[in-house]
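Comments concern the structure below.
The values are calculated or read from the model by the stated rules, or taken from the named source; none is laboratory data. In this text, all values refer to a predicted model and were calculated from it rather than measured experimentally. Every residue, glycine as well, gets a Cβ built from its backbone with ideal geometry; the counts of neighbours run over all protein chains shown.
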(Lines give C-alpha, C1' and ligand atoms only; values in the text may rest on other atoms or scores of the structure.)
Protein backbone atom coordinates (compact mmCIF):
# COMPACT_ATOMS: atom_id res chain seq x y z
CA UNK A 1 0.00 0.00 0.00
CA UNK A 2 1.37 3.22 -1.00
CA UNK A 3 2.04 5.95 1.49
CA UNK A 4 -0.61 8.17 -0.07
CA UNK A 5 -3.36 5.58 0.45
CA UNK A 6 -2.37 5.13 4.15
CA UNK A 7 -2.60 8.81 4.69
CA UNK A 8 -6.01 8.91 3.05
CA UNK A 9 -7.36 6.03 5.17
CA UNK A 10 -5.99 7.48 8.37
CA UNK A 11 -7.56 10.80 7.57
CA UNK A 12 -10.94 9.22 7.01
CA UNK A 13 -10.67 7.31 10.28
CA UNK A 14 -9.97 10.38 12.34
CA UNK A 15 -12.85 12.46 11.07
CA UNK A 16 -15.59 10.67 13.07
CA UNK A 17 -13.43 10.89 16.17
CA UNK A 18 -12.92 14.61 15.75
CA UNK A 19 -16.64 15.25 15.28
CA UNK A 20 -17.30 13.79 18.67
CA UNK A 21 -15.42 16.66 20.25
CA UNK A 22 -17.19 19.46 18.37
CA UNK A 23 -19.39 21.80 20.38
CA UNK A 24 -22.08 24.32 19.51
CA UNK A 25 -22.25 27.88 20.76
CA UNK A 26 -25.58 29.61 21.07
CA UNK A 27 -24.83 33.19 20.07
CA UNK A 28 -27.25 35.75 21.48
CA UNK A 29 -27.06 39.17 19.91
CA UNK A 30 -28.79 41.80 21.98
CA UNK A 31 -29.66 45.13 20.43
CA UNK A 32 -30.16 47.38 23.40
CA UNK A 33 -33.22 49.53 23.56
CA UNK A 34 -32.29 53.13 23.04
CA UNK A 35 -34.15 56.40 22.80
CA UNK A 36 -32.50 59.71 22.13
CA UNK A 37 -33.86 63.23 21.96
CA UNK A 38 -31.59 66.16 21.15
CA UNK A 39 -31.82 69.80 20.10
CA UNK A 40 -29.52 71.79 17.87
CA UNK A 41 -28.97 74.74 20.23
CA UNK A 42 -30.79 77.43 22.15
CA UNK A 43 -33.19 79.70 20.26
CA UNK A 44 -32.25 83.31 19.60
CA UNK A 45 -33.32 85.93 22.13
CA UNK A 46 -36.89 87.04 21.48
CA UNK A 47 -37.55 90.75 21.98
CA UNK A 48 -41.02 92.28 21.98
CA UNK A 49 -41.86 95.92 21.30
CA UNK A 50 -45.42 96.52 22.41
CA UNK A 51 -47.92 98.11 20.09
CA UNK A 52 -50.22 100.90 21.24
CA UNK A 53 -52.72 98.40 22.64
CA UNK A 54 -50.06 96.78 24.81
CA UNK A 55 -49.84 93.64 22.66
CA UNK A 56 -46.72 92.10 21.26
CA UNK A 57 -45.53 88.80 19.84
CA UNK A 58 -42.32 87.37 18.49
CA UNK A 59 -41.49 84.01 16.92
CA UNK A 60 -38.27 82.01 16.79
CA UNK A 61 -38.02 78.96 14.55
CA UNK A 62 -34.25 78.73 14.26
CA UNK A 63 -33.74 75.44 16.09
CA UNK A 64 -34.48 71.77 15.47
CA UNK A 65 -34.90 68.58 17.46
CA UNK A 66 -34.01 65.02 16.54
CA UNK A 67 -35.61 61.91 17.92
CA UNK A 68 -34.37 58.33 17.65
CA UNK A 69 -36.02 55.29 19.16
CA UNK A 70 -35.83 51.55 18.65
CA UNK A 71 -38.28 50.46 21.27
CA UNK A 72 -39.94 47.10 20.67
CA UNK A 73 -43.49 48.22 21.21
CA UNK A 74 -45.67 51.03 22.38
CA UNK A 75 -45.86 54.34 20.60
CA UNK A 76 -43.98 57.23 22.11
CA UNK A 77 -44.65 60.93 22.47
CA UNK A 78 -42.73 64.12 23.20
CA UNK A 79 -43.80 66.43 25.98
CA UNK A 80 -42.51 69.86 27.00
CA UNK A 81 -42.45 71.87 30.20
CA UNK A 82 -40.72 74.78 31.87
CA UNK A 83 -38.04 73.16 33.96
CA UNK A 84 -36.32 76.20 35.44
CA UNK A 85 -37.46 79.76 36.13
CA UNK A 86 -41.04 79.00 37.17
CA UNK A 87 -44.25 79.89 35.41
CA UNK A 88 -44.27 82.81 33.01
CA UNK A 89 -45.14 86.26 34.44
CA UNK A 90 -48.73 87.45 34.27
CA UNK A 91 -49.80 88.66 30.84
CA UNK A 92 -46.99 86.76 29.11
CA UNK A 93 -47.05 83.33 27.49
CA UNK A 94 -44.43 81.11 25.94
CA UNK A 95 -45.70 78.53 23.46
CA UNK A 96 -43.84 75.94 21.46
CA UNK A 97 -44.58 73.76 18.48
CA UNK A 98 -42.58 70.76 17.35
CA UNK A 99 -42.95 69.87 13.70
CA UNK A 100 -43.09 66.13 12.97
CA UNK A 101 -42.94 64.05 9.82
CA UNK A 102 -43.78 60.73 11.43
CA UNK A 103 -45.93 61.65 14.41
CA UNK A 104 -48.76 64.02 15.12
CA UNK A 105 -47.71 67.55 16.02
CA UNK A 106 -50.21 69.13 18.37
CA UNK A 107 -49.32 72.62 17.16
CA UNK A 108 -48.52 75.54 19.39
CA UNK A 109 -48.91 74.60 23.04
CA UNK A 110 -48.54 76.99 25.96
CA UNK A 111 -45.70 75.95 28.23
CA UNK A 112 -46.12 75.71 31.99
CA UNK A 113 -44.26 73.90 34.71
CA UNK A 114 -46.37 70.82 33.96
CA UNK A 115 -45.78 68.53 31.00
CA UNK A 116 -47.84 69.20 27.91
CA UNK A 117 -47.99 66.91 24.88
CA UNK A 118 -46.24 68.33 21.83
CA UNK A 119 -45.92 65.33 19.48
CA UNK A 120 -47.96 62.13 19.81
CA UNK A 121 -48.33 58.90 17.83
CA UNK A 122 -44.62 58.54 17.22
CA UNK A 123 -43.84 54.97 16.15
CA UNK A 124 -41.76 52.90 18.56
CA UNK A 125 -39.03 52.73 15.94
CA UNK A 126 -38.52 56.34 15.01
CA UNK A 127 -35.91 58.54 13.41
CA UNK A 128 -36.97 62.07 12.68
CA UNK A 129 -35.86 65.70 12.77
CA UNK A 130 -38.31 68.56 13.12
CA UNK A 131 -38.45 72.30 13.54
CA UNK A 132 -38.96 73.91 16.95
CA UNK A 133 -41.09 77.06 16.85
CA UNK A 134 -41.34 79.29 19.91
CA UNK A 135 -43.95 82.03 20.28
CA UNK A 136 -43.55 84.65 23.01
CA UNK A 137 -46.63 86.83 23.53
CA UNK A 138 -47.51 89.75 25.77
CA UNK A 139 -51.02 91.10 26.40
CA UNK A 140 -51.92 94.15 28.49
CA UNK A 141 -48.24 94.98 28.27
CA UNK A 142 -48.66 98.41 29.84
CA UNK A 143 -49.37 96.65 33.16
CA UNK A 144 -46.00 94.90 33.37
CA UNK A 145 -42.57 96.49 33.41
CA UNK A 146 -39.98 96.03 30.71
CA UNK A 147 -37.91 93.03 31.64
CA UNK A 148 -35.86 90.08 30.46
CA UNK A 149 -37.25 86.61 31.12
CA UNK A 150 -35.19 83.42 30.94
CA UNK A 151 -36.68 79.96 31.11
CA UNK A 152 -35.23 76.48 30.62
CA UNK A 153 -37.47 74.24 28.58
CA UNK A 154 -37.17 70.47 28.77
CA UNK A 155 -38.49 68.13 26.11
CA UNK A 156 -39.09 64.53 27.16
CA UNK A 157 -39.54 61.42 25.04
CA UNK A 158 -41.85 59.03 26.86
CA UNK A 159 -44.15 56.12 26.21
CA UNK A 160 -47.65 56.97 25.17
CA UNK A 161 -50.17 56.87 28.02
CA UNK B 1 -18.93 37.67 34.89
CA UNK B 2 -21.13 39.42 37.43
CA UNK B 3 -19.10 42.59 37.06
CA UNK B 4 -19.49 42.48 33.27
CA UNK B 5 -23.25 42.00 33.61
CA UNK B 6 -23.46 44.86 36.10
CA UNK B 7 -21.51 47.25 33.89
CA UNK B 8 -23.55 46.31 30.82
CA UNK B 9 -26.77 46.89 32.70
CA UNK B 10 -25.53 50.27 33.83
CA UNK B 11 -24.67 51.22 30.25
CA UNK B 12 -28.07 50.19 28.93
CA UNK B 13 -29.84 52.08 31.70
CA UNK B 14 -27.82 55.19 30.92
CA UNK B 15 -28.82 55.06 27.29
CA UNK B 16 -32.45 54.48 28.10
CA UNK B 17 -32.42 57.48 30.44
CA UNK B 18 -31.18 59.92 27.76
CA UNK B 19 -34.67 60.81 26.60
CA UNK B 20 -34.76 64.48 27.44
CA UNK B 21 -33.36 67.57 25.78
CA UNK B 22 -33.29 71.12 27.11
CA UNK B 23 -33.18 74.61 25.69
CA UNK B 24 -32.71 77.93 27.42
CA UNK B 25 -35.12 80.54 26.09
CA UNK B 26 -34.41 84.24 26.56
CA UNK B 27 -37.26 86.72 26.10
CA UNK B 28 -37.35 90.48 26.55
CA UNK B 29 -40.04 93.08 26.71
CA UNK B 30 -38.51 96.30 25.46
CA UNK B 31 -38.95 99.48 27.47
CA UNK B 32 -41.26 101.86 25.63
CA UNK B 33 -42.81 105.20 26.52
CA UNK B 34 -45.13 106.69 23.94
CA UNK B 35 -47.01 109.95 23.81
CA UNK B 36 -49.28 110.69 20.88
CA UNK B 37 -51.92 113.26 20.01
CA UNK B 38 -55.05 112.72 17.97
CA UNK B 39 -54.36 115.64 15.64
CA UNK B 40 -53.99 119.40 15.51
CA UNK B 41 -56.58 121.61 17.24
CA UNK B 42 -58.92 123.73 15.21
CA UNK B 43 -57.91 127.28 14.40
CA UNK B 44 -58.80 129.59 17.30
CA UNK B 45 -60.09 133.04 16.39
CA UNK B 46 -60.49 135.83 18.91
CA UNK B 47 -62.84 138.76 18.49
CA UNK B 48 -61.66 141.47 20.83
CA UNK B 49 -64.24 142.93 23.13
CA UNK B 50 -64.67 146.58 23.86
CA UNK B 51 -62.34 146.18 26.81
CA UNK B 52 -59.62 144.90 24.51
CA UNK B 53 -59.73 141.30 25.74
CA UNK B 54 -60.79 138.12 24.09
CA UNK B 55 -60.26 134.38 24.28
CA UNK B 56 -60.98 131.20 22.38
CA UNK B 57 -60.72 127.58 23.44
CA UNK B 58 -60.34 124.31 21.66
CA UNK B 59 -60.82 120.90 23.22
CA UNK B 60 -61.22 118.79 20.11
CA UNK B 61 -58.01 116.81 20.52
CA UNK B 62 -56.75 114.18 22.92
CA UNK B 63 -53.42 112.74 23.94
CA UNK B 64 -52.54 109.13 24.76
CA UNK B 65 -49.68 108.06 26.97
CA UNK B 66 -48.38 104.50 27.25
CA UNK B 67 -45.36 103.34 29.20
CA UNK B 68 -43.90 100.13 30.55
CA UNK B 69 -40.61 101.58 31.71
CA UNK B 70 -38.95 99.82 34.60
CA UNK B 71 -37.46 103.06 35.91
CA UNK B 72 -38.12 103.99 39.51
CA UNK B 73 -40.22 106.97 40.57
CA UNK B 74 -42.95 108.62 38.52
CA UNK B 75 -43.34 110.26 35.15
CA UNK B 76 -44.59 113.66 34.11
CA UNK B 77 -45.68 115.39 30.92
CA UNK B 78 -44.32 118.79 30.08
CA UNK B 79 -45.28 121.25 27.36
CA UNK B 80 -43.25 123.78 25.42
CA UNK B 81 -43.54 126.03 22.37
CA UNK B 82 -40.93 124.32 20.22
CA UNK B 83 -41.32 126.35 17.04
CA UNK B 84 -42.31 129.96 16.37
CA UNK B 85 -40.90 131.49 19.54
CA UNK B 86 -42.73 133.01 22.46
CA UNK B 87 -46.22 134.35 21.93
CA UNK B 88 -46.53 138.04 20.90
CA UNK B 89 -46.92 140.61 23.64
CA UNK B 90 -50.43 140.73 25.10
CA UNK B 91 -51.28 137.25 23.83
CA UNK B 92 -51.04 133.95 25.65
CA UNK B 93 -51.49 130.33 24.69
CA UNK B 94 -52.35 128.04 27.58
CA UNK B 95 -53.01 124.32 27.63
CA UNK B 96 -54.54 121.87 30.07
CA UNK B 97 -54.11 118.10 29.85
CA UNK B 98 -56.72 116.08 31.72
CA UNK B 99 -55.49 112.90 33.39
CA UNK B 100 -56.97 109.82 35.02
CA UNK B 101 -53.61 108.40 36.10
CA UNK B 102 -51.69 111.47 37.23
CA UNK B 103 -52.24 114.97 38.56
CA UNK B 104 -53.26 117.53 35.95
CA UNK B 105 -51.70 120.93 36.68
CA UNK B 106 -54.63 122.67 35.04
CA UNK B 107 -54.28 125.35 32.39
CA UNK B 108 -50.63 126.38 32.07
CA UNK B 109 -49.28 129.20 29.93
CA UNK B 110 -46.94 127.92 27.26
CA UNK B 111 -43.56 129.50 26.57
CA UNK B 112 -40.34 128.37 24.96
CA UNK B 113 -39.40 126.78 28.31
CA UNK B 114 -40.85 123.49 29.53
CA UNK B 115 -43.85 123.64 31.83
CA UNK B 116 -45.24 120.77 33.87
CA UNK B 117 -48.71 119.79 32.68
CA UNK B 118 -49.21 116.41 34.41
CA UNK B 119 -47.19 115.03 37.31
CA UNK B 120 -47.29 111.83 39.35
CA UNK B 121 -47.84 109.48 36.45
CA UNK B 122 -47.03 105.84 37.23
CA UNK B 123 -44.31 104.18 35.18
CA UNK B 124 -46.80 101.55 34.01
CA UNK B 125 -49.50 103.58 32.37
CA UNK B 126 -51.96 103.60 29.51
CA UNK B 127 -54.20 106.66 29.55
CA UNK B 128 -56.00 109.03 27.23
CA UNK B 129 -57.08 112.53 28.14
CA UNK B 130 -58.44 115.67 26.55
CA UNK B 131 -56.26 118.62 25.51
CA UNK B 132 -57.74 122.04 26.06
CA UNK B 133 -56.07 125.06 24.47
CA UNK B 134 -56.94 128.60 25.44
CA UNK B 135 -55.79 131.51 23.32
CA UNK B 136 -56.13 134.85 25.11
CA UNK B 137 -55.57 138.45 24.15
CA UNK B 138 -55.18 141.37 26.53
CA UNK B 139 -54.92 145.02 25.57
CA UNK B 140 -56.01 143.91 22.17
CA UNK B 141 -56.18 147.40 20.78
CA UNK B 142 -52.39 147.43 20.98
CA UNK B 143 -52.02 144.22 18.93
CA UNK B 144 -52.48 144.27 15.16
CA UNK B 145 -54.70 141.72 13.47
CA UNK B 146 -52.62 138.70 12.68
CA UNK B 147 -52.45 134.93 12.42
CA UNK B 148 -50.15 133.20 14.83
CA UNK B 149 -48.88 129.65 14.41
CA UNK B 150 -46.94 127.80 17.03
CA UNK B 151 -45.76 124.22 17.37
CA UNK B 152 -46.33 122.82 20.82
CA UNK B 153 -44.41 119.76 21.95
CA UNK B 154 -45.44 117.49 24.81
CA UNK B 155 -42.77 115.31 26.41
CA UNK B 156 -42.75 112.43 28.90
CA UNK B 157 -39.92 112.67 31.37
CA UNK B 158 -38.95 111.11 34.64
CA UNK B 159 -40.32 113.18 37.50
CA UNK B 160 -37.37 112.48 39.79
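For segment A:53-73: of the residues being more than 22 Å from the chain's Cα centre (by Cα) and part of a loop (DSSP other than H, G, I, E, B), which is nearest to the other protein chains (Cβ to nearest Cβ)? Explain how you work it out, then say what you get.
Step one: list which residues in segment A:53-73 are more than 22 Å from the chain's Cα centre (by Cα), which gives A:53-59.
Adding the requirement that they be part of a loop (DSSP other than H, G, I, E, B) leaves A:53-55.
Numbers: A:53: 9, A:54: 6, A:55: 11 Å.
That would be A:54.
Could you tell me which residue of segment A:92-104 is nearest to the other protein chains (Cβ to nearest Cβ), considering only residues that are farther than 18 Å from residue B:22 by Cα and surrounded by fewer than 20 Cβ atoms within 10 Å (Cβ to Cβ)?
Selected residue: A:93.
How many of the residues making up segment A:19-44 are touching a strand residue (DSSP E or B) at 6+ places or on another chain (Cβ under 9 Å) and modelled with pLDDT under 85?
4
Considering only residues that are within 22 Å of residue A:41 (Cβ to Cβ) and free of Cβ contacts under 8 Å to residues at least 40 places away in the same chain, which ones fall in segment A:88-115?
Selection gives A:97, A:99, A:100, A:101, A:105, A:108, A:109.
Out of A:130, A:85, I need the residue that is surrounded by 16 or more Cβ atoms within 10 Å (Cβ to Cβ) and in contact (Cβ under 8 Å) with a residue 60 or more places away in the chain. Which one?
Numbers: A:85 fails: surrounded by 16 or more Cβ atoms within 10 Å (Cβ to Cβ).
Being surrounded by 16 or more Cβ atoms within 10 Å (Cβ to Cβ) and in contact (Cβ under 8 Å) with a residue 60 or more places away in the chain holds for just one of A:130, A:85, which is A:130.
Regarding residue A:50, is this residue in contact with a helix residue (DSSP H, G or I) (Cβ under 6 Å, 6 or more places away or on another chain), touching a residue at least 24 places away in the same chain (Cβ under 8 Å) and either within 9 Å of chain B (Cβ to nearest Cβ) or within 27 Å of residue A:102 (Cα to Cα) (or both)?
Against the criterion (in contact with a helix residue (DSSP H, G or I) (Cβ under 6 Å, 6 or more places away or on another chain), touching a residue at least 24 places away in the same chain (Cβ under 8 Å) and either within 9 Å of chain B (Cβ to nearest Cβ) or within 27 Å of residue A:102 (Cα to Cα) (or both)), residue A:50 qualifies.
Just checking, which of B:39, B:85, B:52, B:73 is outside any strand (DSSP E or B), in contact with a helix residue (DSSP H, G or I) (Cβ under 6 Å, 6 or more places away or on another chain) and in contact (Cβ under 8 Å) with a residue 12 or more places away in the chain?
Values: B:39 fails: in contact with a helix residue (DSSP H, G or I) (Cβ under 6 Å, 6 or more places away or on another chain); B:85 fails: in contact with a helix residue (DSSP H, G or I) (Cβ under 6 Å, 6 or more places away or on another chain); B:73 fails: in contact with a helix residue (DSSP H, G or I) (Cβ under 6 Å, 6 or more places away or on another chain).
The match here is B:52.
Tell me which residues, restricted to segment A:27-47, are at the interface with chain B (Cβ under 7 Å from one of its Cβ atoms) and either within 23 Å of the chain's Cα centre (by Cα) or not in a loop (DSSP other than H, G, I, E, B) (or both).
A:32, A:33, A:34, A:35, A:36, A:37, A:38, A:39, A:42, A:43, A:46, A:47 - these are the residues of segment A:27-47 that are at the interface with chain B (Cβ under 7 Å from one of its Cβ atoms) and either within 23 Å of the chain's Cα centre (by Cα) or not in a loop (DSSP other than H, G, I, E, B) (or both).
Could you list, in sequence order, all residues of segment A:106-144 that are touching a strand residue (DSSP E or B) at 6+ places or on another chain (Cβ under 8 Å), at the interface with chain B (Cβ under 10 Å from one of its Cβ atoms) and in a loop (DSSP other than H, G, I, E, B)?
Of everything in segment A:106-144, those that are touching a strand residue (DSSP E or B) at 6+ places or on another chain (Cβ under 8 Å), at the interface with chain B (Cβ under 10 Å from one of its Cβ atoms) and in a loop (DSSP other than H, G, I, E, B) turn out to be A:111, A:144.
Identify all residues within segment A:53-82 that are buried (at least 18 other Cβ atoms within 10 Å of the Cβ) and touching a helix residue (DSSP H, G or I) at 6+ places or on another chain (Cβ under 8 Å); write none if there are none.
The answer is A:54, A:56.
Looking only at segment B:122-142, how many residues end up being buried (at least 17 other Cβ atoms within 10 Å of the Cβ) and in a strand (DSSP E or B)?
12
Under the condition of being facing chain B (nearest Cβ under 7 Å) and outside any strand (DSSP E or B), which residue from segment A:145-161 is surrounded by the fewest Cβ atoms within 10 Å (Cβ to Cβ)?
A:145
Could you list, in sequence order, all residues of segment B:102-115 that are part of a strand (DSSP E or B) and surrounded by fewer than 15 Cβ atoms within 10 Å (Cβ to Cβ)? Outline the logic, then answer.
Applying the first criterion (part of a strand (DSSP E or B)) to segment B:102-115 yields B:103-104, B:108-109, B:115.
B:103, B:109 - these are the residues of segment B:102-115 that are part of a strand (DSSP E or B) and surrounded by fewer than 15 Cβ atoms within 10 Å (Cβ to Cβ).
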